[in-house]
Amino acid sequence: MAKCTRSFLVLATLMIATGLAAQSYNVTRLDGLGGDAAANSINDRGWIAGAANKAGNAISHAALWVNGGAPMDLGALGGPDSNSAVAWPVKSNNGLVVGISDTADDNPLGEAFSCWPFFAPFTPNGKICKGFRWEKGVMTPLPPFPGGYDSYATAANNRGQIVGWAENGVHDSTCDPAFQVLQFRAVIWGPKGEMRELPPLPGDHTSAATAINDKGQVVGISGACGIAVGGVSAAHAVLWENGKPINIGDLGGHTWNTPTAINNDGTVVGFSLPADQEGTRFYKAFIWTRDAGIKKLDEFAGDVRSGAFGINDDGQIVGFSRTAGGVVRAVVWENGNAGIQNLNDLVPAGSLYLVIAGDINNDGVIAGAAFDPTTEESPGFSATPSGVTGLAATPVRLAPRSPGKVYLSQKARERVFRRWRVDVGD
């Protein structure tokens, strides 16, 4: 069934490229645990994972939506009043979910670490944060390296390998001690609990892994410690093969060069800072292949920031794009880089406003974060392809919805956009 569906999507992509029809999508709302929600991952079983806020939007919990139903609360390592989240695409289809969670323990060094921007309060709370694996209803912490306190899990493959980053006991001079003290390194946690470090590029201090495919290829970042959240820690975008880092290049800048996903063909997507934007966060979405290297993905004229967050095995890419005026919308790039499309132009009238597309599975179903202009709530969403069944199908053409007509309150902007700093003006 999946093979047939992928063939259908390839056909649909060809139709788009030749101007015969545009893909359309049906949107399903994904609610939180009394508050807002964001869907950041979808696998080929249709399991959608992300973060669901409790009432008041002061606490986030890792959540799982199955068949578009109510969110399953995956809990938190520190108890019901602690934060947790599935913050990146997790591509395991075997019932394995990974993410991050605060514990009940205070960090003895007062570190903020990497977790706090992905939780609802958006402020450090001084707790030790650890990556977790969740299987069969049980959340288990993933350990740091000896001497460290914190860890972070981003992704898992169908071989049971989990990647992320973990502190060691080294007090790193490149850290900003107001946030981070200890060095961290990219890591693979094996299915039996074993750990393997993935080193940074020569001359760099730290590394972090963001995604892994079923071949065991890992992508991530290499750089300095900084505050352990993007910036200088993402000086270089890297691919690890057989444990060795390869610099896959950038768009010319020296920060915010971050791969976010890799498919089973080894195609990498993410975001990178152009040389003329040094000192800003105006990074741009990219695609990398071994044959062609790194290239900027198509963008809308006048947009200042974009990021690619997910890619499937057919080369469909999803993410976001932001105007100079701060309007953000979910987007899709078809067939690698055959043009950018605003997802809000491809959904029925009255649908939620789709802000960020976080992931896409091999059936072409997209998961992400949305906004309801009538209630100012920020739920998650899933968008399922519809309306194109073959070359003889009637083209589905939906009236474009101008993003300029959607005005988000300041609180809504903070809740939806803080994850990737997409609404930061600098």
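Show me the trypsin sites (Lys or Arg not before Pro) within region 115-219 that DSSP assigns to loop and that have at most 12 other Cβ atoms within 10 Å of their Cβ.
Values: sites: 127, 130, 133, 136, 159, 185, 192, 196, 215; in loops: 136, 159, 192, 215.
Those satisfying the criteria are 136, 192.
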With label points set 7 Å from each Cα along the Cα-to-Cβ direction at residue 254 and residue 109, the distance between them in nm comes to 2.4
Given pairs 54/127; 192/215; 136/192; 91/215; 54/130; 130/215 and cut-off 24 Å on Cα-Cα distance, the over-length ones are 130/215
Applied in sequence order to region 114-130, the curve 6.51 cos²θ - 1.76 cosθ + 1.60 (Karplus, θ = phi - 60°) yields integer Hz couplings, x standing for Gly and Pro, of 9, 7, 4, x, 9, 10, 4, x, 6, 9, x, 10, x, 8, 5, 10, 9
A student asked for the Cα radius of gyration and Dmax of region 321-387 in angstrom ought to give 12.0, 36
So, for the Cα atoms of region 2-420, Rg and Dmax in Å stand at 19.9, 65
With R₀ set to 35 angstrom, the calculated FRET efficiency between the beta-carbons of residue 140 and residue 323, to the nearest 0.05, is 0.25
Counting only residues 5 or more apart in sequence or on a different chain, those whose built amide H sits under 5 Å from that of residue 128 are 103, 105, 106, 107
Along principal axes, largest first, the alpha-carbon spread of region 191-239 in whole Å comes out as 32, 20, 19
Whole-percent tail of the Cα-Cα distance distribution for region 144-276, cut at 17 Å, equals 53
Simple SL model, points at 7 angstrom along Cα→Cβ for residue 29 and residue 246; separation in nm is 4.6
Surrounding charge for residue 141, neighbours by C-beta under 15 angstrom, Lys/Arg +1, Asp/Glu -1, total -2
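Values quoted throughout were computed directly from the atomic coordinates according to the rules given, and no laboratory measurement underlies them. All figures in this text were calculated on a predicted structure; none of them were measured in a lab. Cβ sites come from the backbone with ideal geometry, for glycine too, and all protein chains shown count toward neighbours.
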